[in-house]
Amino acid sequence: MTPRVRFAPSPTGDLHVGGARTALFNWLFARKTGGTFILRVEDTDGARNTEEAQRGIVRGLRWLGLDWDEGPEVGGPHGPYFQSQRKDIYDAYLAKLEAAGRVYTEENGAVRFKFSRTAITVHDLVCGDVTFAPTEEPDMTVRRPDGSYIFHFVNVVDDIEMRMTHVFRGEDHLSNTWKHIDLFHALGATPPTYAHIPLILNPDGSKMSKRDAGSAIEHSYIHEGFLPDAVFNYLAMLGWTPRAEKEVLSREELVRLFDLAEIHSANARFDMQKCQWFNAQFLRALSPEALLAAVRPFLDNAGITIADEAMAAAVVFSVKEKVSLLKEIPAWVHYFFREDYPFEADVAAKLKAKPENAALLAAASAAFAAQASWTEETVHAAIEAAAKEAGVKTGALMPLLRAALSGQSRGPGVSTIAHLVGQASCQRRIQRALDAMAAESPAA
Ligand code: GLU
């Protein structure tokens, strides 16, 4: 039988890291086994569900590259994939329970399911066999007096209707799984194979909540400048250790290696630093063009205007070793795209610190102007020649040039900066620095 698995979020808020990882394990399993991955929106709670939350969940899943074979936007043979649109189906299943003599109606109109009150064992792929003793709980309401259905009932009905073979979900659902199995049996259906995935905890061992760092996919990852492949890799390893020699793995490698039996039964601890480390690795592996495409929204946000695509790609590529998040890049590169960049306070002070600095910069500018070709190598040679001519070490001229050309004290190599901004811009930048130094120097 072709495996059929699903992610069944309740759209009450942002896509949470725990939900994303549940979706990811389902997706990995489906892709590994040639199965079908279904997205089902569990939106029966009109008071708590919002359209915006549902759209946010879809955006988050799409961003992570977790494409679904059936569900919202793609359709499929078992739709609609919104529980709010499936009332007729639930009514029909309630009639089945009635016919089987397993429900009764209270005076207030609530319909209750008669538990079998037998011991029920969940054969869980991650947690092992978990046996629940015959329950002493009161029978479970499946339909409220207002006609709406409760989660346990619609969840089971849809898992039957949508032909789910496996249910992989958060461990918080394990304690109710006996109720689901009881319903499956009462409806004459075989329960799916279960795997309850351990929770994700904060570094201090507390339960991760919506407000914790790293908890919301859009807020903590998309807006912060993570790459989807890096978050995918990190989330996959939160509770699973692939049998591989390395940690940085592509989607294809993760699909190939995935084995549900290897999912840890202990809770996972979230580590933002590790997640950022993964991001840095993926960022460094991007081509200049791919890096530019990824960082472009952040450049736009910072008001950086790009005139030359190839130059911009080379610019962002030149700082990739300096950052671990895309959002850090604008601060490292803004001066490449404007000539009225500010001088950091200590940089301005350094330029003015020695009277001979102006002459050194002027010498470099003259050497630049004399260049017939403009490559990183010729730029470097010009700087060396200018330093020699002026009787200083190249290492003394470099920081001055960096300061003049960028207004900063850190960045890619000085020859790289000079080469990328271009010969004419170098002249203007140095002149502007000289003007600023002259204007600000107290008269001798
Ligand atoms: N709507 C449930 C949740 O978001 C789904 C539980 C399940 O996967 O069965 O937790």
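Counting Lys and Arg as +1 and Asp and Glu as -1, what is the net charge of the other residues whose Cβ lies under 12 Å from the Cβ of Tyr194? Once all neighbours under 12 Å are counted, the net charge is -3. Only Lys, Arg, Asp and Glu carry charge here, each on its Cβ (+1 for the first two, -1 for the last two); on that basis the stretch 353-418 has a dipole of about 240 debye about its Cα centre. Note on Ala370 and Glu52: with the Förster distance fixed at 51 Å, the Cβ-Cβ geometry gives a FRET efficiency of about 0.25. Taking Cα atoms only, the orientation of helix 288-301 departs from the longest principal axis of the chain by about 90 degrees.
Taking all protein chains together and a 1.4 Å probe, the residues His264, His180, His219 rank His219, His264, His180 from largest to smallest accessible area. For the chain, the longest principal axis of the Cα atoms and the long axis of helix 177-186 meet at an angle of about 40 degrees. What the pair-distance distribution of the stretch 273-427 shows, using all Cα-Cα distances binned every 10 Å from zero, is 11, 38, 32, 16, 3 percent. The base-10 log of I(q)/I(0) for the stretch 244-289, evaluated at q = 0.14, 0.18, 0.24, 0.34 Å⁻¹, reads -0.49, -0.77, -1.11, -1.13 [Debye formula, identical scatterers on Cα atoms, solvent excluded]. Loop-resident GluC sites (Glu not before Pro) (DSSP state other than H, G, I, E or B) in the stretch 25-90 with no more than 15 further Cβ atoms inside 10 Å of their Cβ: Glu73.
Projecting label points 7 angstrom from Cα along Cα→Cβ for Ser250 and Lys114 puts them 5.9 nm apart.
For the stretch 258-351, the list of GluC sites (Glu not before Pro) that fall in a loop by DSSP and count at most 14 other C-beta atoms within 10 angstrom reads Glu339.
Treating only the Cα positions of the stretch 224-325 as identical point scatterers, give the base-10 log of I(q)/I(0) from the Debye formula at each q in 0.15, 0.22, 0.23 Å⁻¹. Result of the Debye calculation: -0.68, -1.12, -1.19.
The charge dipole of the chain, taken about the Cα centre with unit charges on the Cβ atoms of Lys, Arg (+1) and Asp, Glu (-1), comes to about 600 debye, rounded to the nearest 20. For the stretch 193-250, carbon and sulfur atoms together expose 52% of the accessible surface, with a 1.4 angstrom probe and every protein chain in place. Largest first and in whole Å, the equivalent-ellipsoid semi-axes of the stretch 50-119 read 35, 14, 14, each the square root of five times a Cα gyration tensor eigenvalue. Contact order, relative form, for the stretch 290-444: 25 percent (alpha carbon pairs under 8 Å, 6 or more residues apart, mean separation divided by residue count).
Between amide H atoms placed 1.01 Å from N, distances below 5 Å from Arg269 occur with Leu201, all of them 5 or more places distant or on a separate chain. Over all directions, the projected convex hull of the C-alpha atoms in the chain averages 28.1 nm² in area. In order along the stretch 414-424, the phi-based Karplus estimate (6.51 cos²θ - 1.76 cosθ + 1.60, θ = phi - 60°) of 3J(HN,Hα) comes to 4, 5, 5, 4, 4, 4, 6, 6, x, 4, 5 Hz; Gly and Pro are listed as x. Taking each of Lys274/Lys350; Lys322/Lys352; Lys352/Lys388; Lys114/Lys207 in turn, the alpha-carbon distance tops 30 angstrom for Lys274/Lys350; Lys114/Lys207.
When the helices in the chain are scored as -39500 (n - 2.57) per DSSP H run of 4 or longer and the sum is shared across all residues, what 222 nm value do you end up with, to the nearest 500 deg cm²/dmol? One gets -14000 deg cm²/dmol as the mean residue ellipticity at 222 nm.
Within the chain, antiparallel bridges make up roughly 55 percent of the DSSP beta bridges whose residues both belong there.
Strictly greater than 20 Å: what percent of every Cα pair in the stretch 1-123 meets that? Across the stretch 1-123, Cα pairs with separations above 20 Å total 56 percent.
A straight line joining the Cα centroids of the stretch 370-444 and the stretch 286-355 runs 17 Å. Entry note, the stretch 95-181: relative contact order of 24 percent, from Cα contacts under 8 Å with a spacing of 6+ residues.
Across Ala236, Ala363, Ala30, mean-square fluctuation computed from a Gaussian network of the chain (C-alpha pairs under 10 Å connected) peaks at Ala363. Per residue, the chain exposes 45 Å² of solvent-accessible protein surface, assessed with a 1.4 angstrom probe and all protein chains in place. Each residue of the stretch 307-322 is assigned a 3J(HN,Hα), and the resulting list reads 9, 10, 4, 5, 5, 5, 5, 5, 4, 5, 5, 6, 10, 5, 6, 8 Hz, derived from the Karplus form 6.51 cos²θ - 1.76 cosθ + 1.60 (θ = phi - 60°), x at Gly and Pro.
Between the residues Pro80, Met162, Leu97, the greatest Cα displacement towards the positive end of the dipole of the stretch 80-236, with unit charges on the Cβ of Lys, Arg, Asp and Glu, is found for Leu97. Ignoring ligands, DNA and RNA, what percent of the 1.4 Å accessible area of the stretch 341-423 is carbon and sulfur? Solvent-exposed carbon and sulfur of the stretch 341-423 make up 57 percent of the total.
Phi-derived couplings, Karplus 6.51 cos²θ - 1.76 cosθ + 1.60 at θ = phi - 60°, listed residue by residue for the stretch 390-395: 7, x, 10, 6, 4, x Hz, with x used for Gly and Pro.
Largest GNM mean-square fluctuation among Pro11, Pro192, Pro342, using the chain with Cα springs under 10 Å: Pro342. Computed over every Cα-Cα pair of the stretch 1-58 and binned at 10 Å starting from 0, the pair-distance distribution P(r) comes out as 25, 46, 24, 5 percent. If you wrap the Cα atoms of the stretch 101-253 in a convex hull and average its projected area over all directions, you get 12.9 nm². For His166, the residues 5 or more places off, or on other chains, whose built amide H falls under 5 Å of its own are Arg4, Thr193. By the Stokes-Einstein formula, at 0.692 mPa s and 37 °C, the stretch 119-184 with its Kirkwood radius over alpha-carbon pairs has D equal to 251 µm²/s. Backbone amide hydrogens, once placed in the peptide plane, bring Val126 within less than 5 Å of His196, excluding anything fewer than 5 places away on its chain.
The values are calculated or read from the model by the stated rules, or taken from the named source; none is laboratory data. This is a predicted model, so every value here is computed, not measured. Virtual Cβ from ideal backbone geometry, glycine too; neighbours counted across all protein chains shown. Heavy atoms of the whole protein, side chains included, go into the accessibility calculation; ligands, DNA and RNA do not. Shrake-Rupley method; radii C 1.70, N 1.55, O 1.52, S 1.80 Å.
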